[in-house]
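Enquirer: After the structure tokens below, expect a handful of questions from me.
The values are calculated or read from the model by the stated rules, or taken from the named source; none is laboratory data. Computed from a prediction, not measured in an experiment: that's the story for all the values here. All Cβ positions, even for glycine, are placed from backbone atoms using ideal geometry, and neighbour counts span all protein chains on display. Ligands, DNA and RNA are excluded from the accessible area calculation, which covers all protein heavy atoms including side chains. Shrake-Rupley method; radii C 1.70, N 1.55, O 1.52, S 1.80 Å.
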Amino acid sequence: MNKTLRPLLVLFSALTLVTGVAYPLVVTGVGQAVFPHQAHGSLIVRDGKPVGSALIGQNFSDPGHFWGRPSATGPFGNNAAASSGSNQGPLNPALVDAAKGRLKVLRAADPTNTAPVPVELVTASASGLDPHISPAAAQYQLARVAAARKLSPQAVQALVAQHTTRPLLGVLGEPVVNVLQLNLALDAH
């Protein structure tokens with residue numbers, strides 16, 4: 001038994017050191033050296049204080065800000081420690097009721113807007129943390145934000161255009177708008 005146990009313990013200890021200590025230290029070191037912004041959480045800093053991450057959605061609900069996708073994380077929205085979707089299918093009454101409630105809030109915030117509401121403004125993303133909306137979702141909210149801030153729609157449209165990320169190489173992905181970065185630009189305007 002001792003002849004079998006000793007090699008097993010040596011192998012277990014060696015693999016623990018390699019995969020549990022050495023490998024994470026090397027990967028962390030390479031990440032810090034090559035991608036320091038991403039390795040530190042893609043934090044956005046204003047006046048020396050972190051105000052959020054470019055990779056995690058935040059809840060905005062006042063009329064003067066663009067609103068992001070609803071979050072399905074619990075117990076509170078945009079909780080990075082509880083990243084997950086709602087796992088509700090399209091026929092689930094709870095999902096339908098939640099979408100109807102969100103639609104009602106959007107319509108109440110801008111009663112004169114009769115345009116179709118983009119789907120991402122009433123449904124949560126798969127992770128529940130999506131920091132982006134489509135340009136169509138930003139366009140839908142543009143008049144409300146401009147009116148609340150007493151800005152011209154053209155000025156707000158220019159900020160939306162500045163904060164729209166185009167697809168990689170023109171074909172990989174969809175154009176998106178980072179809600180936090182856009183709202184910070186609005187606050188600085």
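Enquirer: Of all residues in the stretch 125-150, which are open to solvent by 50 Å² or more (accessible area, probe 1.4 Å) and part of a loop (DSSP other than H, G, I, E, B)?
Expert: ALA126, LYS150
Enquirer: If you don't mind, another one. Any idea which of (1) in a loop (DSSP other than H, G, I, E, B); (2) without any contact (Cβ under 8 Å) to a residue 40 or more places away in the chain; (3) buried (at least 17 other Cβ atoms within 10 Å of the Cβ) is the one ALA115 doesn't satisfy?
Expert: Going through the list (1) in a loop (DSSP other than H, G, I, E, B); (2) without any contact (Cβ under 8 Å) to a residue 40 or more places away in the chain; (3) buried (at least 17 other Cβ atoms within 10 Å of the Cβ), ALA115 breaks only (3).
Enquirer: Any residue in the stretch 155-180 that's under 20 Å from SER53 (Cβ atoms) and in contact (Cβ under 8 Å) with a residue 60 or more places away in the chain: show its pairings with residues that are of a type outside the set (A, V, I, L, M, F, W, C) and open to solvent by less than 30 Å² (accessible area, probe 1.4 Å) at Cβ separation under 7 Å, as long as the two are six or more apart or on different chains.
Expert: So the pair list comes out as VAL177/THR164; ASN178/PRO131; VAL179/GLY57; VAL179/GLY68; VAL179/PRO131; LEU180/GLY52; LEU180/PRO131.
Enquirer: Quick one: which of GLY20, GLY68, GLY29, GLY64 is touching a Gly at 6+ places or on another chain (Cβ under 6 Å) and either open to solvent by less than 90 Å² (accessible area, probe 1.4 Å) or in a strand (DSSP E or B) (or both)? Full working, then the answer.
Expert: On the way: GLY20 fails: touching a Gly at 6+ places or on another chain (Cβ under 6 Å); GLY29 fails: touching a Gly at 6+ places or on another chain (Cβ under 6 Å); GLY64 fails: touching a Gly at 6+ places or on another chain (Cβ under 6 Å).
Just one listed residue meets the conditions, GLY68.
Enquirer: Let me ask something else. Looking at (1) open to solvent by 60 Å² or more (accessible area, probe 1.4 Å); (2) of a type in the set (A, V, I, L, M, F, W, C); (3) closer than 19 Å to SER42 by Cα, find the lone condition where LEU180 falls short.
Expert: That leaves (1) as the condition not met.
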